[in-house]
Amino acid sequence: MTDVAGIRVGHATRNTDGWLTGTTVVLAPESGAVAAVDVRGGGPGTKETDALDPRNLVQRIDAVVLTGGSAYGLDTASGVLAWLEEQRRGVQVGADPAHVVPVVPAACVFDLGRGGNFRARPDARTGRAAVEAAATAALGARVPEGCVGAGTGAVAGQLKGGVGTASAVLDSGITVAALVVANAAGSVVDPQTGVLYGELFQGRAEYPEGRVHEAALRRLDEIAAGHAPPSLNTTLAVVATDADLSKAQAQKLAGTAHDGIARAVRPVHLLHDGDTVFALATGARPLGTHLLALNDILTAGADLVTRAIVRAVRAAEPVEGPGGVWPSYQELYGKR
């Protein structure tokens, strides 16, 4: 994600004493970024998404918040809002430069009780910690992946989920990147082969040995027989580019990026999911007038979301505690 110049990412992670949750903030450059959103899950938890409609007033935003804690976790945006106000970043609403109203879109995943304490949820302090971590990160710093930030308590089907990120530079020189919180109700693994769906799409899947896959299935059956956690989930993504996109074009990018989720998770966009994709465009590189340039960005956005989900699942670490048991893909199938 940070390969898009000016974008920073910060995590706040809580994973002890009954906690298994956290918050991730994607911080735009000081000039802000054009932003849009596309929500396709049947059970979303979001904040300030209406402001991103191309028909509405706000043109640029300063940060996007992805958080655990279900609807309770949306309080994290308040901490980010307060920090942005202190930096005098937001929509100018008066002659005094301090008179700003930051617009902080946010979306949450369901991870309540996964650490054992149902009331252990991110709040405004968690949001502030995440945005401060983003603000102090070096430009271009590698984004930690796996069970961090909003991916701390994430679950992908029966496996542990997490945060993943991927990027690409197009032939035009435009950079596109994606950051995903993989927390899906659907499965990320082909039950017949044990291959990650996202790797089947990428065309470079390595099939595990039959005995390894059979052992993994037995392990998952044992876990399923021991507990049945609620299948309330959500996959979140932020797709960013340095291209100069309008809000309508950014909204199209957010929409097509959902195809990347559908390639890596099956089934997807269920009533128990809140699948939401944000798109950010910093405007550093001109798009040009040729429609193919935009099509290349749309194609890359979907591809990178798929790659980011694969990276999230592969980077995740297993969890076994009072809130449940979720093995990691690497634990079951090994590194291949």
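The values are calculated or read from the model by the stated rules, or taken from the named source; none is laboratory data. Since the model is a prediction, treat every value here as computed from it, not as a measurement. Note that we place each Cβ from the backbone using ideal geometry, even for glycine, and neighbour counts take in every protein chain shown. Quick note on the areas: whole protein, heavy atoms, side chains included, nothing else; ligands and nucleic acids left out. Shrake-Rupley method; radii C 1.70, N 1.55, O 1.52, S 1.80 Å.
Along the chain, the exposed loop sites are GluC sites (Glu not before Pro) outside DSSP states H, G, I, E and B with at most 11 other Cβ atoms within 10 Å, and the longest stretch free of them is 31-205. Between region 141-194 and region 239-311, the C-alpha centres lie 14 angstrom from each other. Shape analysis of the chain places it in the oblate category; the axes a ≥ b ≥ c from the Cα gyration tensor give an a/c of at least 1.5, with a/b not above b/c. Taking amide H positions as modeled 1.01 Å from N, with prolines and chain starts lacking one, the residues under 5 Å from Thr49 and 5 or more places away or on another chain are Ala106. Based on C-alpha pairs under 8 angstrom that are at least 6 apart in sequence, region 142-197 has a relative contact order of 30 percent. Model label sites at Asp221 and Ala5, defined 7 Å from Cα along the beta-carbon direction, differ in position by 5.6 nm.
Based on Cα contacts under 8 Å between residues 6+ apart, region 1-72 shows a relative contact order of 32 percent. A cut-off under 14 angstrom between Cβ atoms defines the neighbours of Ala82, and their net charge, with Lys, Arg +1 and Asp, Glu -1, is -2. In sequence order, region 158-164 has phi-based couplings of 8, 9, 6, x, x, 9, x Hz under the Karplus curve 6.51 cos²θ - 1.76 cosθ + 1.60, θ = phi - 60°, and Gly or Pro positions carry x. Once both labels are positioned 7 Å from their Cα atoms along Cα-to-Cβ, the gap between Val169 and Arg211 label points is 4.6 nm. Annotation: amide H of Leu270 within the under-5 Å range of Gly42, sequence separation 5 or more or interchain, hydrogens built in the peptide plane.
Surface analysis of the chain yields an accessible area of 41 Å² per residue, using protein heavy atoms and a 1.4 Å probe. Label positions at Leu139 and Ala248, each projected 7 Å from the Cα along the C-beta direction, are separated by 3.2 nm. Using only the Cα atoms of region 54-204, each taken as one equal point scatterer with no solvent, compute I(q) by the Debye sum, divide by I(0), and report log10 of the ratio at q = 0.10, 0.11, 0.15 Å⁻¹. Normalising to I(0) and taking log10 leaves -0.47, -0.56, -0.95.
Distant-in-sequence amide contacts of Arg285, defined by a placed amide H-H separation under 5 Å and a gap of 5 or more residues or a different chain, comprise Ala243, Asp244.
Helical content of the chain, expressed as a calculated mean residue ellipticity at 222 nm, amounts to -9000 deg cm²/dmol (DSSP H runs of 4 or more residues, -39,500 (n - 2.57) each, divided by residue number, nearest 500). Look at the alpha carbon pairs under 8 Å that are at least 6 residues apart: their mean separation over the length of the chain gives a relative contact order of 24 percent. Gain on full extension, evaluated as 0.36 nm per residue between Ala82 and Ala95 minus their Cα-Cα distance, stands at 2.7 nm.
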